[in-house]
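Report on the structure given below.
The values are calculated or read from the model by the stated rules, or taken from the named source; none is laboratory data. Just so it is clear, the structure is predicted and the values come from calculations on it, not from any experiment. Cβ sites come from the backbone with ideal geometry, for glycine too, and all protein chains shown count toward neighbours.
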Amino acid sequence: MGSSNTTILIVDDEKRIQNIYIRTFVEAGFSVRWAGNAQEAMNILVREKIDVVLLDIKMPRINGQTLFDVIQKYDPTIKVIVSSVYPVDKQKLMIPQARDYYDKSQGPAVLLEKVAHAIV
Amino acid sequence: MKFKKFDVKFDIKFNSIKFEITVLYTLILGVVLLLFSGVLYLMSNAFFQAIDNELKLKAQQIDHTIRAYEDAFGENPNALGMAVQKTVSMRGENPFELRTRRISQDWLAQVKSFDLNKDYVAFATQSGKTIFWSENLREELRDIFLEDIQFPRQSNGRVTFRTITYNKKNIRLINRLFVDKKGGVYIIQVGVAQGPITRMLRNWLFSVAISIPIILFLTNFVGKILASRILAPVQEITRLARTITSQDLSTRIKAKNFDVEMKDLVDAFNDMISRLEGSFKHVEEFSYHAAHELKTPLTIIKGESELILRKDRPPEEYKKALQVVLEESGRMLKTIEDLLLLTKLDYQPSIFKFTAFDFKEFLTEIFEQSRTLAARKDVRMTMDAPSGQFMIHADRLHLRRLFFNIIDNAVKFTPDGGRVDITMTCTGQRIMTVIADTGPGIAEQDLSRIFERFFRTDNSELGNGLGLNIAQTIAKLHHGQITVESKLGEGSAFTINLPLVNLILS
C-alpha cells in the first residue's frame, strides 16, 4: 500500500497505542518513527526526513497545538494528521489547519486510509 | 363564559404580602382608630353630661330656695318677687332676716359649693321678659338667653338645654319651668361659661374625626410604597431565578440599595448559584474526564483486535493481543471502581464507618503487606515508629486504601534497588506518617497538580491519575491532609497528617 520511502512519525504518549500504530504502518510497508513527547518528536524531526506526522492532541507536557505550530513553521510540507480520542469535529476546532483528523476509536484500517489520502 | 369573565376581574390575592401590608394593615389601623375615637367620644359625652347634670342641680336648688323664701315671706303680696330677688342676688340682706336666716345660710353655702356666683342666673316671665338677674348678666346676653324659649306643656320642673356662643365663649344654658303657688309660669335660667378646656375638647373631637380618614389614606399609600420597596428585590430574584438554567448559571442578582434582610437573601441566593455552578462544572469535568479515561483502554482493545485480525498470525501474537485485551479491561474496571469511590466520597461521606483503633498497629500491618509487593521489585522497605499506642478514630477500610495508594505509588515509581522508608511521628494532637522513596521525583511545576483528578505526569501507563486524589479525599474526610515534598531526580516524600484521639504511653 505505502511506498518504502514514506516515513511516518507517530507522536503519542500512550505506549500501547504507539505499538498498535507502529505495527499497523510497518505491516502496510511504511517506515515508522515514534516519540512519546514533544521533545523526542522534535529530535527525530530535525535528524530525519519525515513525510507524515500522526500527532496526538492531548499530551501531558506540551500540548499538541504548540507542537503543531512548531512543525508547520519548521517544515510546512510535512503532512500532519491530528489524532485523539475526542471526536473529529472537536479536534477540528482545536487545530483548524491540520491535513486530516483521526478519531483513535475508529481503528487502524481508517488510519491507513487517511495516511494514504494524505500522501497523494 | 360569564363566570370566567367575572373570575378574571375579581383577582384579589388574599395571601399576598402587598395585601397584608396595605389593605389589612390599614383595616386594622382603621378599626383601632375607630374604637379609640369611640372611647373619646363617650368620654367627652360624659364630660358634657356632667356639666348638664350640674346645671340641672343648680336650677333645682334655685327652684327650691325661691320656694323656701316665698314660704318664709308668707302672706306678703310681693313674696315671690322678694324670694326671687333674694335668691338670684345671692346676698343676705333683708328686713325679715330672722325668718330667712336659715334659708340664707343654706343657700349661700350652696352658692359657695357650686360656685354659682360665677354663673349667669336669670328669672324670666313666660312672655319673655327677664325680671330678675345676676349682676354679671348684661342686657345683650339677657336677650340672647330669652331667644327661642319654648315650653309646650306647663309642668313644673321641665328643663331644656341650649348652647350659646357669645363673645367667643360658649355658654351652656338650662331653662327650668317654674310654676308659682298662684299658678304663674316663670322660667329659671342658669348659664355656665364653658371654659377653654371644653372648647378645646370640642375642637379636638372635630380634628380627630377629620384626621382619621386622612391617616388611613396616608397609611394605605405609604403601605403600598413600602410593600413595593420590600418586594422589589423579591420580584427581581424571581425574575432572575427564571433565567437561570443548567446551561446558564452565570447571572447574579446585584444587590443595589436593598434592606439588610433582603441583602442577606440576595447574598445567600447568589452564593447558592455559585455553589451550584461549581457543582455543575465539577460534574461536567468529571464525566468528561471519566469518558476520556475509559475511551483510551477501549481504543487500545479495539485497535489491537482489529490489527491482529487483519491476517493470520502465529499463536504468540494472538496470545499477546489477548494479554493486552485482558490488561486493558482490568485497567478500565479499576478506573470505574475508582470513579465510583470518588463519587461516593464526594456525595455520601456517610459510607464511612469510624471506629477507634491503634494507628501504629494498623501501619505495621500495611507495612508487612507492602513489603511482599516491594520484594518482587527488589525495593527495600523500612518502617520507624515511636513506642506506645496511638489511638485514632477512622474508617479502617478507607484508611487502608489511602495508605496503599501512596505506598503502591512509591513502590511502582521506584526503580529496582531503590528504597521506600516509612516514618511515623507524633506531635501534639497529630500523627505524621512520611513515606519517602528514591524514585525519579516530581517536577516542580507538577507538584501542585499531582493531587488533581486525572492528572498524570509523563509516565502514563502507571495509573489512571485518580489514586492520589482518592488518597487526599479520604485524608480530608478524616480531618487530615497529605502534603508532598519532591525534587526531580531526588525522590519524593509524602506526609500524611491525621488527628490523634488519645495517646497511651507504653
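What are the residues in the range A:57-79 that are more than 14 Å from chain B (Cβ to nearest Cβ), part of a loop (DSSP other than H, G, I, E, B) and either without any contact (Cβ under 8 Å) to a residue 24 or more places away in the chain or in contact with a Pro (Cβ under 8 Å, 6 or more places away or on another chain) (or both), if any? Break it down stepwise before answering.
Looking only at the range A:57-79, we keep the residues that are more than 14 Å from chain B (Cβ to nearest Cβ), and these are A:64-79.
From the residues that got through so far, the ones that are part of a loop (DSSP other than H, G, I, E, B) too are A:75-78.
The answer is A:P76, A:T77.
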Qualifying residues in the range A:1-31 (those that are touching a Phe, Trp or Tyr at 6+ places or on another chain (Cβ under 7 Å) and in a helix (DSSP H, G or I)) - the one farthest from A:V115 (Cα to Cα): A:Q18
Every residue from the range B:13-47 that is in a loop (DSSP other than H, G, I, E, B) and under 17 Å from B:T219 (Cα atoms): none
Members of the range A:20-34 found to be within 23 Å of A:V46 (Cα to Cα) and either of a type in the set (A, V, I, L, M, F, W, C) or surrounded by 19 or more Cβ atoms within 10 Å (Cβ to Cβ) (or both), listed by number: A:Y21, A:I22, A:F25, A:V26, A:F30, A:V32, A:R33, A:W34
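Does at least one position in the range B:266-275 carry a residue that is acidic (D, E), outside any loop (DSSP other than H, G, I, E, B), farther than 30 Å from B:R456 by Cα and away from chain A (no Cβ under 14 Å)? Give the steps one after another, and end with the answer.
Step one: of the range B:266-275, the residues acidic (D, E) are B:267, B:271.
Now drop any that are not outside any loop (DSSP other than H, G, I, E, B), which leaves B:267, B:271.
Keeping just the survivors that are farther than 30 Å from B:R456 by Cα gives B:267, B:271.
With away from chain A (no Cβ under 14 Å) added as a condition, the list becomes B:267, B:271.
Scanning the range B:266-275, I find at least one residue that is acidic (D, E), outside any loop (DSSP other than H, G, I, E, B), farther than 30 Å from B:R456 by Cα and away from chain A (no Cβ under 14 Å), so the answer is yes.
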Single condition A:W34 does not satisfy, out of (1) of a type in the set (F, W, Y); (2) within 23 Å of A:I119 (Cβ to Cβ); (3) within 14 Å of chain B (Cβ to nearest Cβ): (3)
Residue list for the range B:276-299, filter: more than 14 Å from chain A (Cβ to nearest Cβ) and aliphatic (A, V, I, L, M): B:L276, B:V283
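Here is a yes/no grid of residues against (1) touching a Leu at 6+ places or on another chain (Cβ under 6 Å); (2) assigned to a helix (DSSP H, G or I); (3) small (G, A, S); (4) modelled with pLDDT of 80 or more:
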site	(1), (2), (3), (4)
B:R67	no, yes, no, yes
B:N76	no, no, no, no
B:A83	no, yes, yes, yes
B:R99	no, yes, no, no
B:E135	no, no, no, yes
Failed item, numbered, when A:N19 is tested on (1) without any contact (Cβ under 8 Å) to a residue 12 or more places away in the chain; (2) polar (S, T, N, Q); (3) away from chain B (no Cβ under 11 Å): (3)
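Is it the case that some residue within the range B:252-264 is within 14 Å of chain A (Cβ to nearest Cβ) and surrounded by 13 or more Cβ atoms within 10 Å (Cβ to Cβ)? Give the steps one after another, and end with the answer.
Restricting attention to the range B:252-264, the residues satisfying the condition of being within 14 Å of chain A (Cβ to nearest Cβ) are none.
Looking through the range B:252-264, none of the residues is within 14 Å of chain A (Cβ to nearest Cβ) and surrounded by 13 or more Cβ atoms within 10 Å (Cβ to Cβ).
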Long-range neighbours under 7 Å by Cβ, at least six apart or interchain, first residue within 14 Å of chain B (Cβ to nearest Cβ) within the range A:95-108, second surrounded by 19 or more Cβ atoms within 10 Å (Cβ to Cβ) and assigned to a loop (DSSP other than H, G, I, E, B): A:K104/A:V85; A:S105/A:V85
Single unsatisfied condition, A:K49 versus (1) more than 14 Å from every other protein chain (Cβ to nearest Cβ); (2) part of a helix (DSSP H, G or I); (3) of a type in the set (K, R): (2)
Test: residue in the range A:80-88 that is away from chain B (no Cβ under 12 Å), outside any strand (DSSP E or B) and closer than 29 Å to B:E327 by Cβ: yes
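Has the range B:300-318 got at least one residue that is within 12 Å of chain A (Cβ to nearest Cβ), among the basic types (K, R), surrounded by 11 or more Cβ atoms within 10 Å (Cβ to Cβ) and in a loop (DSSP other than H, G, I, E, B)?
Yes: one or more hits.
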Qualifying residue in the range B:493-504 (condition: within 22 Å of B:T382 (Cα to Cα), over 49 Å from the mean Cα position of the chain (by Cα), at pLDDT below 90 and surrounded by fewer than 19 Cβ atoms within 10 Å (Cβ to Cβ)): no
Residue within the range B:126-143 that is surrounded by 15 or more Cβ atoms within 10 Å (Cβ to Cβ), more than 16 Å from B:G81 (Cβ to Cβ), assigned by TED's automatic domain parsing to the domain that holds B:R176 and basic (K, R) present: yes
